Amino acid sequence: MSSKLNVKPLIEWGFSFEKPVIVSGPCSAESEEQLMETALGLADKGIDVLRAGIWKPRTRPGGFEGLGKLALPWLKKAGQAIGKPIAVEVATREHVFDCLKAGVDILWIGARTTANPFSVQEIADALEGVDIPVIVKNPVNPDLQLWLGALERMNRAGITRLGALHRGFSSYEKTKYRNKPMWELPVELRRLEPGLPIFCDPSHICGGRDLLASVAQKAMDLDFDGLMLESHRDPDNAWSDAAQQVTPERLGEIIAGLIIRQSKPEITANQLDDLRHRIDRLDNYVMEILSERMDIAKQIGEFKRDNNITILQTNRWDEIVHDRIEKGLKKDLTEAFIKEMFEAIHQESIRHQTKVMNNAVNVSTK
Ligand code: PEP
Ligand code: MN
């Protein structure tokens, strides 16, 4: 595990943040009144940062693309009215300069921008020597290196109050989410960069209101440091992302409903250690069994080689899949898990058999 980023924990960002840090506010700034009314509604709902989009990256042209910099002073005023710092998305050098001039407290980089290293570098260059917190959303595509690359570009420009924001990944396939969470990516990011604060944005993951609370809870259970959730005084009539925004009241309910569990338990440490030792023992056992299984696969490979039989025997594989799913389901394992696990085992087995075939001394050719 090697950490390459030089970053500060959230408690050192200078805003008296406590985990989980809640960022909320409208998808887009629409008017001075909309910002003020939404902010006042959020004042006692436990938020730490007020957000609003000023420049909106829309997938297709012709829609509402944001009011631009004229809305910045309104957002600042709304933030001051409730005593909260403000956060704005930046995508170009000009956006950065406009935000710095207007006294924006935190910048974030949107998913479409993170996907483009030229844009990210342009923003990093504009921030050279500026000490402002920056939160980098994941790129639209599930590419951890691209996400890390954007974080590194900010860090190299001297940004140490740096965070990552998981907002899910777009896919052609239709799912119940607007953007598939693919939790394994932020979990791997956490493993690679344990000191980096990670936020989750349930609004852009869900694209609707139904699943917001459960996605927010899942982020808490995966030990995320904060949440960004869109809220609006009148969500149904929002000019962008209407389906996923909630009223300040609902936002308050979602936050109040979160169960925050300890990430570094003290009282239960002994009990937990005991359970972990049992898991370690079982994992070792699993690996021994797998290794034994592969030894048999190698012998099967030798037999197939000597008898000129193809490695893949579809009927046998089909039989295994059905049999293991049937048995696994009875043991409370999900079908998707059993299938994925045996596919991985099968691939490893094929790799071993291929090696045996290729190392054949006496290949008989027919
Ligand atoms: C947003 O936060 O309103 C936004 C545009 O998000 P994303 O970059 O995640 O699509
Ligand atoms: Mn939005």
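Max-minus-min Cα coordinates of the range 241-308 on each principal axis give 72, 43, 11 Å, with the largest extent listed first. Local charge sum around residue 357 (other residues, Cβ-Cβ under 14 Å, Lys/Arg +1, Asp/Glu -1)? Counting the neighbours of residue 357, the net charge comes to +3. The count of lysine pairs in the range 265-364 whose Cα atoms are under 17 Å apart, excluding pairs fewer than 8 places apart on the same chain, comes to 5.
Here the translational diffusion coefficient of the range 146-262 follows from Stokes-Einstein with Rh set to the Kirkwood radius across Cα pairs; for 25 °C and 0.890 mPa s it amounts to 162 µm²/s. Of all lysines in the structure, the ones whose alpha carbon falls short of 16 Å from that of residue 45, not counting any fewer than 8 places away in one chain, are 19, 84. Only Cα pairs under 8 Å and 6+ residues apart enter the sum, and on that basis the relative contact order of the chain stands at 15 percent. Taking every DSSP helix (H) stretch of at least 4 residues in the chain, weighting each as -39,500 (n - 2.57) and dividing the sum by the residue count yields a mean residue ellipticity at 222 nm of -15000 deg cm²/dmol. Grouping the Cα pair distances of the range 275-366 into 5 Å bins from zero gives a pair-distance distribution of 3, 12, 17, 20, 19, 12, 9, 5, 3, 1, 0, 0 percent in increasing distance order.
For residue 263, neighbours were defined as the other residues whose beta-carbon sits under 9 Å from its Cβ, and their charges (Lys and Arg +1, Asp and Glu -1) total +2.
Kirkwood-type hydrodynamic radius, the range 101-194: 13.7 Å, calculated from all non-identical alpha-carbon pairs. Each residue of the range 111-121 was assigned a 3J(HN,Hα) from its phi angle through the Karplus expression (A = 6.51, B = -1.76, C = 1.60, θ = phi - 60°), giving 4, 5, 6, 4, 6, 10, x, 5, 5, 4, 5 Hz with x at Gly and Pro. Computed over the range 10-256, the Cα gyration tensor eigenvalues convert (square root of 5λ each) into semi-axes of 23, 21, 18 Å, ordered from largest to smallest.
Remark on residue 28: its backbone amide H falls under 5 Å from those of 53, 240, a criterion applied only to residues 5 or more positions apart or on other chains, H modelled at 1.01 Å from N. List the aspartates and glutamates whose Cα lies under 16 Å from the Cα of residue 101, skipping any in the same chain that are fewer than 8 positions away. Within the straight-line cut-off, residue 101 pairs with 89, 128, 131.
According to the calculation over all Cα-Cα pairs in the range 27-154, the P(r) per 5 Å bin from zero is 2, 11, 21, 21, 20, 14, 8, 3, 0 %.
Computed from the coordinates by the stated procedures, all read-outs in this text should not be read as laboratory data. Predicted, not measured: the structure shown is a model, and the values here were computed from it. For neighbour counting, all protein chains shown are included, and Cβ atoms are generated from backbone atoms with ideal geometry for every residue, glycine included.
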